[in-house]
Each structure stands twice: as C-alpha cells, then as structure tokens.
Amino acid sequence: MALKDQLKELRAARGMTQETVAEELGVSSQTVSKWERGLLSPDISLLPKIAILYQCSIDSLFQMNAVRGIEHRKEFEARILELSAQEDWVGVYQAWIQEIDLNPDRYSNYPAVMKHVVRRQLFDREHIRQMLALADRAELYCSDDDVLYEIYRVMVELCSHSSNPLVKEKAKAYYHKIPRLCHSREIYAKFVMEGNEYRRQIQENILYLIDLTECSVRQMVSAEMPPEEQIFFYRKAAALYETVLDDRYGGFYDVPLICNYVHISSLLSRMGCDGEASLYVNRVIEILERHISKTERDRISPLLFSSAAPGHASTERMCLQILNNMLQDDDLSEYEDSIRNMISRYTTFFSII
C-alpha cells in the first residue's frame, strides 16, 4: 500500500478529519490533503508525530514491518534474554516500554510487559498507571480480540494487587470484560472475589461448564445414527451430571440427567434390551423420589451453587412434563404403571395441576 493510501486509511480508521490531523501536527489541512493524494510527502521530522497520532510505528507507515520485523524482533528478544540473565528487571521493563513506544500498534507486546510487572511485583503507583494507560490504548485501537482479552486477563491480576481501592475496582471491570469459557475468565475470579462470593462463583462456573459440555455432547446425536451410537453419546452426557450430582438432590440440575436417562431407556427398549431399559427408568424414578423426600432434599451436592434457576419454569413442572412425555413413548409402554404412579405421587406432593 502506498504511503498516501496508508495515511488516508489510518486517519479514517480513527475517525479523524483532515482538519483535526492538521491541527494536531501543526500543518494546514491542504498539506494533509496533498499527502493523501500523493502530491506531497510528509517532512521526515513529522514522521514520529504522525506515528504517535495514528498509534502506529514509523515502519508500518512505509510498509517496512515485513522487511525489518523479523531481524528487529530477534535482536530485541536477545536483548531481553541478556537483561534477564543479569537480573536487570528495571532494564527489562524499560526495554519493553521502549519497544512499545517504537511500535505502539504491535499490541501483542502489551501483555508481555504487563506480565513482567506482575512477576516482579512492580505494584507501585507509577507502574500501574503506565499499565492502565497501555490497556486503555489497546482498548481503543486493538482489533485483535484474542490479544485484547489477554490484556484484560493480565490486568485483572495486576490491578487486584494494588493497594488503591479504585484500582482494585478496575480489576473487577476487566474481569467482566473477559468472555466466559473460551477466554478462561473463570480462573481469574480469585483475583476479584473472596469468601462466599468466590465460592459461589466457582460453583456457578462448574455448572456453566458442565451444562455447556453436556448440551454439546447431546447435540452430537442424530436420528440417522444407529441406536447403539446414540446411547453412547447420551451416556456420556449423563455421566457429566452424574459426576456433579453424586447421587444427591440436584433440583433444577436433575432435569438434564433425567432427560438423558429417558432417551437411553427408550432406545434400549426399542433394541429389546428390557433389563437395561428398566434400570434407567428406575433411575428416573429414584431421582424424583429424592424430590419428594425432605431428608433427600437436604442432601445437596457440594458442587452445586443453587437448586433452582431464576427465570425458568419450576423444576417440578419440568419433571412432570418429562413423565407425561414418557407415557406417550410407545417404547416405554411396559413401564406405564410405574410412570403413572410416580405422576400421581409427584403431582400430589407438589400440588401441581
């Protein structure tokens, strides 16, 4: 890309007018216009100011990154290794800052210096102030979400070590900017929470991951699969909740496990495996027995954070619907009496109409 096109694209990407650029650089808007039309090239003395204004390196203005980038990176990494071997941690920090000043648009450098600050416990006001400034700059201009989320993760830990309560609050803000699961927000809860709040968050994380995984495994099932293969996936999905529940009351979290058991029992019955099918029907009944037993309802898995989920239909209504669906399944007709008996008892106990 020619310099004129590069200058025009950088200005547009930052939502700046030619007049604004001219004012910032101390030139006329006509001069900026001529740069972008290729009629004039910026004076060499203005290149550092242009790079700072557009948050890019001088090399990138002239598309020299590909030519000089590899060689420069090798030299820089060798310098960092040398300083580290000398345990010159101040020198390492300054080298990273200088590298970022030279290449402010290479945002992948930002997490490295932030991690250095954390490892060397440089939690004084000035270091944290500079890291916050880098994070703000990246948030404004970095278009690589993976790099941005890595910056957020490091900043959570860094800010959590500050003695300044306002900076500690920023740790929570960065924490909530990290997406769940794919960017590992869950493991950073320890930096922004404590006590019961932290425990509850960990329990919620466990259920979130289990629920997502169980749902994904069930989605592997297709009607075109042989029954044996469908059963394989339903059993794997069920095993996830079996691990969490550990034969204890799960309330809302019993529902996906019961659904898997119903699918398995229906498929087994269709295959003529009546003994195994009966086993899974009985497992459904046993779970519902726990729902109507005060003693069993008090035995809650320590991995659960709640026995109910706000905004959803009640657990009891969902379970009753599952029982009614079982009655409509011809493959489970052999167990009609047991199912009707459970429906009667369950409806009476919970006063469900």
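The values are calculated or read from the model by the stated rules, or taken from the named source; none is laboratory data. In this text, all values refer to a predicted model and were calculated from it rather than measured experimentally. Reconstructed Cβ throughout: ideal geometry from the backbone, glycine too, with neighbour counts over all protein chains shown.
Can you tell me which of (1) over 33 Å from the mean Cα position of the chain (by Cα); (2) at pLDDT 85 or above; (3) assigned to a loop (DSSP other than H, G, I, E, B) is the one Tyr107 doesn't meet?
Looking at each condition in turn, Tyr107 falls short on (1).
Name the residues in region 1-32 that are small (Gly, Ala, Ser), surrounded by fewer than 16 Cβ atoms within 10 Å (Cβ to Cβ) and assigned to a helix (DSSP H, G or I), would you?
Ala12, Ala13, Ser29 - these are the residues of region 1-32 that are small (Gly, Ala, Ser), surrounded by fewer than 16 Cβ atoms within 10 Å (Cβ to Cβ) and assigned to a helix (DSSP H, G or I).
Filter region 261-297 down to residues that are under 17 Å from Tyr234 (Cα atoms) and among the charged types (D, E, K, R), then give me how many there are.
Counting residues in region 261-297 that are under 17 Å from Tyr234 (Cα atoms) and among the charged types (D, E, K, R) gives 3.
Just to be sure I understand, how many residues within region 245-256 are buried (at least 20 other Cβ atoms within 10 Å of the Cβ) and either polar (S, T, N, Q) or over 12 Å from Met318 (Cβ atoms) (or both)?
3
Filter region 181-230 down to residues that are of a type in the set (A, V, I, L, M), surrounded by fewer than 14 Cβ atoms within 10 Å (Cβ to Cβ) and within 21 Å of Thr243 (Cβ to Cβ), then give me how many there are.
So the count comes out to 3.
Per-residue answers, yes or no, for (1) outside the structural domain of Phe123 (by TED's automatic domain parsing); (2) touching a Leu at 6+ places or on another chain (Cβ under 8 Å):
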position	(1), (2)
Val154	no, no
Ser163	no, no
Arg199	yes, no
Ala223	yes, no
Tyr241	yes, yes
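Taking region 234-263, which residues are out of contact with any strand residue (DSSP E or B) (no Cβ under 9 Å at 6 or more places or on another chain) and touching a residue at least 60 places away in the same chain (Cβ under 8 Å)?
Listed by number, the residues that qualify are Val244, Phe252, Asp254, Val255, Ile258, Cys259, Val262.
Scan region 32-44 and tell me whether some residue there is out of contact with any His (no Cβ under 7 Å at 6 or more places or on another chain), touching a residue at least 60 places away in the same chain (Cβ under 8 Å) and within 25 Å of Arg137 (Cα to Cα).
No; the residues of region 32-44 include none that is out of contact with any His (no Cβ under 7 Å at 6 or more places or on another chain), touching a residue at least 60 places away in the same chain (Cβ under 8 Å) and within 25 Å of Arg137 (Cα to Cα).
Quick one: which of Leu303, Leu207 is outside any helix (DSSP H, G or I) and either in contact (Cβ under 8 Å) with a residue 60 or more places away in the chain or outside the structural domain of Asp337 (by TED's automatic domain parsing) (or both)?
Leu303 is the lone residue from the list that is outside any helix (DSSP H, G or I) and either in contact (Cβ under 8 Å) with a residue 60 or more places away in the chain or outside the structural domain of Asp337 (by TED's automatic domain parsing) (or both).
Please enumerate the residues belonging to region 153-181 that are closer than 16 Å to Pro111 by Cβ and not in a helix (DSSP H, G or I).
Across region 153-181, the qualifying residue is only Ile178.
Residue check: is Lys177 within 28 Å of Leu53 (Cβ to Cβ), crowded, with 16+ Cβ neighbours inside 10 Å and either in contact with a helix residue (DSSP H, G or I) (Cβ under 7 Å, 6 or more places away or on another chain) or of a type outside the set (Ser, Thr, Tyr) (or both)?
Yes.
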